[in-house]
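Heads up, the thing below is written out as structure tokens.
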Amino acid sequence: VMKWCLRVKLIENWRNFSELLLSTGDRPIVEDSRKDSYWGATRQENDTLNGQNVLGRLLMELRKKLQEDSDALRSVQPLKIPNFCLLGEPIPIVIFPPQQDAVLVGTDDEEPAQRAFL
């Protein structure tokens, strides 16, 4: 789900987020956290960072895809999770550039790929 969220965040903030990710080059990205050693890494007494850094790893993976084929990141399908909704509504395909005045057409029994924006 976090990988999906990062992809959507990229689409919704394409220019700023892609520039920021690309500006890191090939350097490691670490979520410097005060309390979360799963998503980030916590600073130790000797100033080293210790943790799984899952968020940082996902950001580095997204950066690599952005460097290799940014066009492949310009849409993201909803996850195939039962009841994956936002405010009780099915989540549509997210497309760049964001469709500010888009209206989703299609029925609940159609596959997401069959729906379209007008």
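The values are calculated or read from the model by the stated rules, or taken from the named source; none is laboratory data. Small disclaimer: the values here were computed from a predicted structure and weren't measured. Quick reminder, even Gly has a Cβ in these numbers, built from the backbone with ideal geometry, and neighbours come from all protein chains shown. Just so you know, the surface numbers come from the protein's heavy atoms only, side chains and all, with ligands and any DNA or RNA stripped out. Shrake-Rupley method; radii C 1.70, N 1.55, O 1.52, S 1.80 Å.
Taking the criterion of being exposed (fewer than 12 other Cβ atoms within 10 Å of the Cβ) and of a type in the set (Lys, Arg), the residues of region 12-51 that qualify are Arg15, Arg27, Arg34, Lys35. Identify all residues within region 42-64 that are closer than 20 Å to Cys5 by Cβ and part of a strand (DSSP E or B); write none if there are none. Selection gives nothing. Restricting attention to region 1-41, the residues being farther than 24 Å from Leu86 by Cβ and not in a helix (DSSP H, G or I) number 17. Residues in region 65-85 that are over 13 Å from Val8 (Cα atoms) and not in a helix (DSSP H, G or I) were compared, and the one that is least open to solvent (accessible area, probe 1.4 Å) is Phe84.
The residues of region 87-102 that are out of contact with any strand residue (DSSP E or B) (no Cβ under 9 Å at 6 or more places or on another chain), open to solvent by 80 Å² or more (accessible area, probe 1.4 Å) and at pLDDT 90 or above amount to a single one, Leu87.
Filtering region 52-64 to residues that are free of Cβ contacts under 8 Å to residues at least 40 places away in the same chain and surrounded by 20 or more Cβ atoms within 10 Å (Cβ to Cβ) leaves Asn53, Gly56.
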